[in-house]
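Nothing in this text is a laboratory measurement; each read-out follows from the coordinates by a stated rule. Here the structure is a predicted model, which means the values were calculated and not measured. As a convention, Cβ positions derive from the backbone with ideal geometry for all residues, glycine included, and neighbour counts pool all protein chains shown.
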Amino acid sequence: MTIKAILFDLDDTLLWDKKSVQEAFLKTCKLAEERYNISAERLEEAVRKEARALYEGYDTYAFTKMIGINPFEGLWGEFLEEHDSFPKMRELIPVYQKEAWTKGLLTLGFDDQTFGEELAKAFPENRKKSPYVFEETFSVLDQLKGKYSLLLLTNGSPHLQNTKLSITPEISPYFDHIVISGDFGRGKPDPSIFEHAVSLVGVDKSECLMVGDNLMTDILGANRTGIKSVWINREKAINQEVQPTYEIHHLQELFSILDQEE
């Protein structure tokens, strides 16, 4: 059956989120390198490790995992939403951000809570100044717009995901609908959010295609819902977990799949 609607993931499918986070870490850790002559790379590694451990220890972890908010989004998110567990996260997050950076510094032998707090405040600003989009994103969306119903299906906090879209304002106008897991109440791979997305585009699920980079959210969720899936595997990772309908390494390859589906 001909494809009529395409569901796109956002982070690391259209937006190059990994690069944005990497750049924010680099800029922030350079401040510590200048202050204490320590390796920016070693500090980043230490802060990432401390952030993961802290994040998984909070009683909000089950909620963040369900919605799809990772520890590094916690390092720059504000979580201003009033529903579900977001108010509790908003309370925790300033402490989490400061502790992640302070503990990272301490791992390298520097006990400086004031500077840890300074770095914690610098990271969100550096992340907002570091938006990256894959070079093929706009040319592909240009070719799809008007031919298919396009829906953006993204996990995360609504405020944070909308911040990402506000600092890359060219993306939103391509989409007929934008679905954010924190608004919906459950995240990918839960089939209910995929079913909700399909209901919005108003076609049969057999006429939909899900495009995403994450096997355990985008592809698994599509598979569970009976939607054809396209795994964009830019890093050419070995897949031993979930079987997508199609696998591509560059977004431009999507057009050959659409041709096959006609």
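Considering only residues of segment 205-233 that are out of contact with any helix residue (DSSP H, G or I) (no Cβ under 8 Å at 6 or more places or on another chain) and in contact (Cβ under 8 Å) with a residue 60 or more places away in the chain, which is farthest from Leu258 (Cα to Cα)? Please lay out each step first, then the result.
We begin by selecting, within segment 205-233, every residue out of contact with any helix residue (DSSP H, G or I) (no Cβ under 8 Å at 6 or more places or on another chain); these are 206-207, 213-220, 223, 233.
Still in the running and in contact (Cβ under 8 Å) with a residue 60 or more places away in the chain: 206-207, 213-214, 217-218.
Working: Ser206: 13, Glu207: 11, Asp213: 18, Asn214: 20, Thr217: 22, Asp218: 18 Å.
Per the criteria, the residue is Thr217.
Screening Pro169 with (1) in a loop (DSSP other than H, G, I, E, B); (2) in contact with a Pro (Cβ under 6 Å, 6 or more places away or on another chain); (3) of a type outside the set (A, V, I, L, M, F, W, C) gives one miss only, at (2). Taken together, the residues in segment 52-61 that are among the aromatic types (Phe, Trp, Tyr), in contact (Cβ under 8 Å) with a residue 12 or more places away in the chain and part of a helix (DSSP H, G or I) amount to 1.
Residue-wise test of (1) under 30 Å from Phe194 (Cβ atoms); (2) assigned to a helix (DSSP H, G or I).
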site	(1), (2)
Ile38	no, no
Leu43	no, yes
Ala46	no, yes
Glu50	no, yes
Phe63	yes, yes
Met66	yes, yes
Glu81	yes, no
Lys88	yes, yes
Glu91	no, yes
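Scanning segment 84-115 for residues that are within 21 Å of the chain's Cα centre (by Cα) and among the acidic types (Asp, Glu) yields a single hit, Asp84. Every listed requirement among (1) part of a helix (DSSP H, G or I); (2) out of contact with any helix residue (DSSP H, G or I) (no Cβ under 6 Å at 6 or more places or on another chain); (3) β-branched (Val, Ile, Thr) is met by Thr102 save one, (2). Of all residues in segment 32-84, those being out of contact with any Pro (no Cβ under 7 Å at 6 or more places or on another chain), among the small types (Gly, Ala, Ser) and surrounded by 15 or more Cβ atoms within 10 Å (Cβ to Cβ) number 6.
If you go through segment 226-248 and keep only what is crowded, with 21+ Cβ neighbours inside 10 Å and hydroxyl-bearing (Ser, Thr, Tyr), you end up with just Ser229.
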